[in-house]
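The values are calculated or read from the model by the stated rules, or taken from the named source; none is laboratory data. Being a predicted model, the structure only gives us computed values, none of them experimental. Virtual Cβ from ideal backbone geometry, glycine too; neighbours counted across all protein chains shown. SASA here: full protein model, heavy atoms, side chains in, ligands and nucleic acids out. Shrake-Rupley method; radii C 1.70, N 1.55, O 1.52, S 1.80 Å.
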Amino acid sequence: MISVLQPVEVTNVPEDEILIICFNEVLPLGEGTLTIAFQGTLNDKMHGFYRSVYELNGEKKNMAVTQFEPADARRCFPCWDEPAFKAVFKITLEVPSETVALSNMPVIEEKVNGPTKTVYFQESPIMSTYLVAVIVGIFDYVEDFTTDGTRVRVYTQVGKSAQGKFALEVALKTLVLFKEYFAVPYPLPKMDMIAIPDFASGAMENYGLVTYRETALLFDEKHSAAANKQRVAVVVAHELAHQWFGNLVTMEWWTHLWLNEGFATWVSYLAADQFFPEWNVWTQFLEESTTGFKLDALAGSHPIEVDINHVDEIDEIFDAISYRKGASVIRMLQSYLGAEVFQKSLAAYIKRFAYSNAKTEDLWAALEEGSGEPVRTLMHSWTKQQGYPVVSVKLKDGKLQLEQTQFLSSGSTGVGQWVVPVTLCCCSYSRQEKFLFDGKQEDFDLSGLMECQKKDNFWIKLNVNQTSFYRVSYDEELASRLRYAIETNKLSAADRYGVLDDAYALCMAGKQKLVSLLHLIATYKDETEYTVLAHAITTSLNIAEMMAVAAPEELGSLKKFLIDFLEPFAQKLGWDAKSGEGHLNALLRGTLLTALAELGHEATINEAVRRFNVFLEDRETPLLPPDVRKAAYVALMQTVNKSNKTGYESLLKIYRETDLSQEKVRVLGSLASCPDPVVVREALDFILSPEVRNQDAIFLLRGVCSGAHEVAWQWLKENWDYILGAYSGTLLTYFVNITVSPLATDEKGDEAEEFFKSRTKASIARTVKQSIERVRINAQWVKSIKGEADLGNVIRALAHKQ
C-alpha cells in the first residue's frame, strides 16, 4: 500500500538557498518519491535557466539556455544540488514547434501539438546536477561521426554553421584520443557542442551537450586570427576531457574542483600538442604557469584544496589556482613519475571511480599504487598549503648550496615548506641530475660535474625545461653565466622563458634590481621562439607601466630602449604573412606590432592607420588580415583625442557592422587604449550600453591604456551600484580585479580599502583582498625603483646601445 504524506510546513531559506520540508511524522526508512510543483523565471543573468538574445533574419529572438555550474541547477528545478548527489535524469520539454530542443541525451520521441511540441529525451546515466543541460532555439549544425560511431554535432546560429567545422574536426580527434588515453570509451551516444551568444564563462562541459561562448567554438577562415584557432582547439579539448575527468568521475565536493579544472587544462595541451605539434604548445603552457605563479605569490591566495563552507564562496575559486597551478602541479607530477606510468595510473583511477565521486586523496592513491612512488607525501605540500617556494642557489667549493623559502611578491618571507622535485643541468642537457629537496637547506655535491665547472662557458640551470612549480634565485655569478648561456643560445626555449620569468618576479618582490632585469631583457635580442619573445614583451610593457609612476622622467628613454629592442623583430616579420609561414609567426606578428603601437612607435602607427583606412572602405582587403587587426586598432587609438575622435568612431562602426564575435572582441579590446583620459572614460561608459553583451565587458576593461588606470578606478566607483546589480559571479570579480589591481600607490590602496569596506560581499571578498594586495605590491615596487640611484644612467645607456 502506498502512503501519501503531505508536508505541514515548507520554509525557504534564501541566504543558504535551501528548502526545509517538515512532515508531522517521522519518514520511514526506504525509498520514496518527493513530488514538488514549481515554477521559475527564464532570467537574463547567465546563470540557471536563462535567455540569450540572437538574431534570425534581422529579428531579435530569445533562446533558452542552462548554466548550472557550480550551484544553479536549483534555479531551474528543486534538487539536491551538490556534486556527490548523483542521479539519473529523464527530461521532457514542451517547446514551440519551430524550435530545436537539446539536452544531455538523444531525443527518443517528439509529439507535435499545433504551436507546441513535446520532446522526450533518453534517460541519462547517473550524473551530478551541475552537468544537466537544456537548450531551446533555432539553430544550424554541422555533424560527423567518430571512428567508433559516436555522432558529433556543432550547433550555431543560423548561417554560421561553416564556422563550426574546425571545432568539429578537433572534437572528432579528441574523443578518439581520450578514449585511448583514459582506456575507457566515451560514455554517451552523442556529443553536441553549441555556441551561445550570451555566456558568462568560456565554456561548460555539460554531459553530452557542451556550451561555449561563440569566440571559443567558432572559427572563420577569413576573419579569425591564428590565436582564435588555437583557443578553439584548446578549449574544445579541455571541455571534452571533462567528459571523463569531471563528468564520469566527479569531484566529491568543491574543495576538489582543481581535480576537474587543473586536469582538464593540462590534458587539453596534451591533445593540442598531439594534433598541432608545430604550435609548440608545451612552451606556451608556461604562460599558464606564470598566471598561477602570480596569484599564488599573494598572501591572499589559497591552497589548491580550498575549504568551501557556503555556496557564495564557490565562484571565486574558479581561478588561476584551480586551473593554472592545478595544471602545473599535474605536469610536475607527470614529469616526475614518467608519462607511461602516469597515464596507466590515471586510467586505473577513471575505471575505479567511474559513475561516482572522488577526492584528491583517491587520485594520489591510484598514482602511488601505479608508480610505487610516495605520491601522497610529495603532493600534500603542493595542494594542502598555499604558495610555492623559491629555491636560492649558490656555488661554493664545488658544492651547490640550496635554500628554499616561500616566495611572496611582497618580498616578505612565508612559512611554507615543500617537497621540491629538483632537476638541474650543467653546461648541456646531456648531463642532468634529479633529486627531491624537502629540507630548508641542502648542499648538493657537484663532484660528478667537476669537468663542466672548469669550462669558461660553465652554467647551471635548475628546474630543467620549467616542468616544476617553483622559482629559482641564482647568485650573481650563476645569474651572469645564465645570461651568457642565453646570448650564446645554449638554453632551451622553456628555460629561456623561465630565467626571464623568475628574474621579473624577483625584481617585483624587491629581491633583484630593475637594472639587472633590463640587462637580462637585452640578452634576448636574437630570440627565435614566439612564447619567449611574447613574454619579454609583456614583461617590458609591465616595467614601462611601473616606470610611468616611479620615474616618469626616464619613460622616454625606456620606451626608446624597448622600441629599439623590438623593432628588428617587427621588420623581419613585417605586416604581411609570408607564403608557407607557421602559426607561431602569425601569433608573434600581432603581439609585436601591438606592443610597438602601445609604446608609441611612429612608423608602426602610421602604417597601421594607412592599412586601417583601406580596410574601413573594403573589409575584404588583404592589407589587414585578422592576425594584425588588433594591432592596427590599438595603433589607430593612439591618434585619437577628445578633439579628434574619428578613429574611435570608425572602430565603433566596425563593431556595429560585424556579426563575428571575435571581431567585436578585437574592437572592444582596443577602444580604451587611447592615451586621452576623456576618450577612455567614454569607452568605459560604452561597456554599460545595451550594445555590449555583459560577458564582453572584460575585454574593454583589459584594454585600458596603462596611463588611465586611475580613470577606470574612478569610473568603477561611480558606477558600482549599477555594476553590482547588472553583473554577478566571475564577471563581477573581473570588474574588481582588472580595475583595482593595476593601481600603484599606497594612497589608491587606502582608497580601495575604504571604498570596499562597506561594499564587500562574500562572493567578491577574496578578489577584493587580492586586488588591494596587488596595489600594495605595485606601490612597494615603485618605491624600490625610485631607490635605484643608477637606474636613469643605465636606461639611457641601454637606449643608445641598441
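Observations
- Filtering the range 411-425 to residues that are farther than 13 Å from VAL390 by Cβ, part of a loop (DSSP other than H, G, I, E, B) and touching a residue at least 40 places away in the same chain (Cβ under 8 Å) leaves only VAL419.
- Matching option when the condition is assigned by the TED database to the domain that holds GLY48 and modelled with pLDDT of 95 or more, among THR291, THR250, THR211: THR211
- Helices (runs of 4 or more DSSP H) enclosed by the range 455-571 - at least 2 residues per element that are free of Cβ contacts under 8 Å to residues at least 12 places away in the same chain: 476-487
- Tally, over the range 660-676, of residues that are free of Cβ contacts under 8 Å to residues at least 40 places away in the same chain, surrounded by 19 or more Cβ atoms within 10 Å (Cβ to Cβ) and not basic (Lys, Arg): 6
- Check on LEU209, buried (at least 19 other Cβ atoms within 10 Å of the Cβ) and in contact with a Gly (Cβ under 6 Å, 6 or more places away or on another chain): no
- If you filter the range 266-283 down to residues that are open to solvent by 10 Å² or more (accessible area, probe 1.4 Å), assigned to a helix (DSSP H, G or I) and of a type outside the set (A, V, I, L, M, F, W, C), you find that the one that is nearest to TYR530 (Cα to Cα) is THR283.
- For the range 561-571, the condition holds for no residue, the condition being that it is open to solvent by less than 60 Å² (accessible area, probe 1.4 Å) and over 22 Å from SER706 (Cβ atoms).
- All positions within the range 620-635 that are open to solvent by 10 Å² or more (accessible area, probe 1.4 Å) and of a type in the set (A, V, I, L, M, F, W, C): LEU623
- Going through (1) in contact (Cβ under 8 Å) with a residue 60 or more places away in the chain; (2) assigned to a strand (DSSP E or B); (3) open to solvent by 70 Å² or more (accessible area, probe 1.4 Å) one by one, LYS351 falls short only on (2).
- Out of GLU657, GLU617, GLU598, sole residue that is open to solvent by 50 Å² or more (accessible area, probe 1.4 Å), among the charged types (D, E, K, R) and more than 26 Å from PHE219 (Cα to Cα): GLU598
- Restricting the search to strands (runs of 3 or more DSSP E) fully inside the range 69-166 and requiring at least 2 residues that are of a type in the set (Ser, Thr, Tyr) and open to solvent by 40 Å² or more (accessible area, probe 1.4 Å) gives 116-121.
- Among residues of the range 198-247, those that are more than 25 Å from PRO625 (Cβ to Cβ) and part of a loop (DSSP other than H, G, I, E, B), counted: 13
- Positions within the range 327-374 being of a type in the set (D, E, K, R) and under 25 Å from the mean Cα position of the chain (by Cα), in sequence order: ARG331, LYS359
- Within the range 628-657, the set of residues being under 26 Å from the mean Cα position of the chain (by Cα) and hydroxyl-bearing (Ser, Thr, Tyr) comprises TYR633, TYR655.
- Filtered residues of the range 212-241 (kept if β-branched (Val, Ile, Thr), open to solvent by 10 Å² or more (accessible area, probe 1.4 Å) and in contact with a strand residue (DSSP E or B) (Cβ under 8 Å, 6 or more places away or on another chain)): VAL235
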